[in-house]
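Colleague: First the structure, which I've put down as structure tokens, then a few questions once you've had a look.
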Amino acid sequence: MRVSFTTVFTDTLPPVDPAIEELKGWCRRFHDQGLTPSYDGGSLGNLSFRPEKRKNSFIITASQLELKDNLTADAFVRVHTCDSNRGIVHASGAREPSSESMLHFEIYKARSDINAIFHGHCAPILERAEEMDLAVTSREEAFGSSALVRRVLEMLDDHTFVVMKNHGFLALGADMESAGELALRVHGECSR
């Protein structure tokens, strides 16, 4: 997967946080439910959480990661800040952060009530989004792009579930459980 930013590493050590174990559990559940399908070299989708409320730094799955694998510490990256205008992500970790790191950063920056962002891919959700009255971006944009960030932010408002047209979905929550359960509920409703 291409990354549309440059990563500046402040440290090459993986992040340490007890909540990473919960994130690993959600990675497995998303994989088992088909919400992060595998492709050659990784899984489609990425999950993050904000360890410190009201701070914009967050821990996210690394780029080109198989979420079904037994995830080790180096599968996660702490993103400290992003300069979206210059396309620079400041991070700590042993691997590149997810290609959607700038999107996660801008959502956390815009919404202090959100502490977990789970991005997945599911054809039934994309196909039935408008029928189910889900929030959908106005047009399709390339993954990892600043255009995609703008499309999401322009309609984010107070939505907790956003469908990125012809791409995937974002489940947003005050914590990982609320983001994950929301995604599972919408997935269940769309699959009926």
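Colleague: Could you give the nm distance between label points at Ala142 and Arg192, where each point is 7 Å from its Cα heading toward the beta carbon?
Modeller: That separation, rounded to one decimal, is 3.9 nm.
Colleague: What list of ³J(HN,Hα) values in whole Hz, one per residue of segment 82-92 in order, does the Karplus curve 6.51 cos²θ - 1.76 cosθ + 1.60 (θ = phi - 60°) give from phi, with Gly and Pro shown as x?
Modeller: Working through the residues one at a time gives 9, 10, 5, 5, 9, x, 10, 10, 9, 9, 10 Hz.
Colleague: Label Gln33 and Ala123 with points 7 Å out from Cα along Cα→Cβ: what is the distance between them in nm?
Modeller: 1.9
Colleague: Now for a different question. Mind giving me the FRET efficiency for Ser112 and Arg86? R0 is 35 Å, r the Cβ-Cβ distance, nearest 0.05 is fine.
Modeller: Working: r = 24 Å, r/R0 = 0.69.
Efficiency at R0 = 35 Å is approximately 0.90.
Colleague: Convert each backbone phi in segment 47-64 into a coupling constant with the Karplus relation 6.51 cos²θ - 1.76 cosθ + 1.60 (shift: θ = phi - 60°), then list the ³J(HN,Hα) values in order as whole Hz, x for Gly and Pro.
Modeller: Each residue of segment 47-64 in turn: 10, 9, 9, 9, x, 10, 4, 6, 9, 8, 6, 7, 10, 9, 5, 6, 5, 6 Hz.
Colleague: May I pose another question? Mind listing the long-range amide H neighbours of Gly45? Cut-off is under 5 Å, sequence gap 5 or more, other chains count too, H placed in the peptide plane at 1.01 Å from N.
Modeller: Those lying under 5 Å, H to H, from Gly45: there are none.
Colleague: If you plug each phi of segment 69-79 into the Karplus form 6.51 cos²θ - 1.76 cosθ + 1.60 with θ = phi - 60°, what whole-Hz ³J(HN,Hα) values come out, in order, with x for Gly and Pro?
Modeller: Once θ is set to phi - 60°, the couplings for segment 69-79 become 6, 6, 6, 9, 4, 6, 7, 10, 9, 9, 9 Hz.
Colleague: Okay, moving on. For the chain, compute the number of Lys pairs whose alpha carbons are separated by less than 25 Å, excluding pairs fewer than 8 positions apart on the same chain. Mind dumping the intermediate values first?
Modeller: Details: Lys24/Lys53; Lys24/Lys55; Lys24/Lys68; Lys24/Lys109; Lys53/Lys109; Lys55/Lys109; Lys109/Lys165.
Value for the chain: 7.
Colleague: Mind listing the long-range amide H neighbours of Lys55? Cut-off is under 5 Å, sequence gap 5 or more, other chains count too, H placed in the peptide plane at 1.01 Å from N.
Modeller: Here nothing satisfies the definition.
Colleague: At 7 Å along Cα-to-Cβ for each site, give me the label-to-label distance between Asp158 and Asp40 in nm.
Modeller: 4.7
Colleague: Just flag the GluC sites (Glu not before Pro) in segment 1-98 sitting in loop per DSSP whose Cβ has no more than 15 other Cβ atoms within 10 Å. Kindly include the intermediate steps, with their values, before the conclusion.
Modeller: Working: sites: Glu21, Glu22, Glu52, Glu66; in loops: Glu52, Glu66.
Within segment 1-98, the qualifying GluC sites (Glu not before Pro) (loop, at most 15 other Cβ atoms within 10 Å) are Glu52.
Colleague: Just to be sure I understand, if you calculate percent of Cα pairs over 30 Å apart for this structure, which of (i) 10; (ii) 23; (iii) 19 do you get?
Modeller: (i)
Colleague: Under a 5 Å amide H to amide H cut-off, with H placed in plane at 1.01 Å, what residues pair with Ser98 once short-range neighbours are removed?
Modeller: It is Ser63, by chain and number.
Colleague: Let me have the 222 nm mean residue ellipticity of the chain computed from DSSP H runs of 4+ only, each contributing -39500 (n - 2.57), with the sum over all residues rounded to the nearest 500.
Modeller: On the way: 5 runs with 54 residues, N = 192.
Estimated from H runs of four or more residues: -8500 deg cm²/dmol.
Colleague: What's the FRET efficiency of Glu52 with Asp133 using the Cβ-Cβ distance as r and R₀ = 30 Å, to the nearest 0.05? Let's see the in-between values first.
Modeller: Working: r = 34 Å, r/R0 = 1.13.
My answer for the efficiency is 0.30.
Only the coordinates and a few stated rules stand behind these numbers; no lab work does. Remember, it's a predicted structure, so these values are computed and weren't measured experimentally. Neighbour counts run over all protein chains shown; Cβ positions are idealised from the backbone, glycine included.
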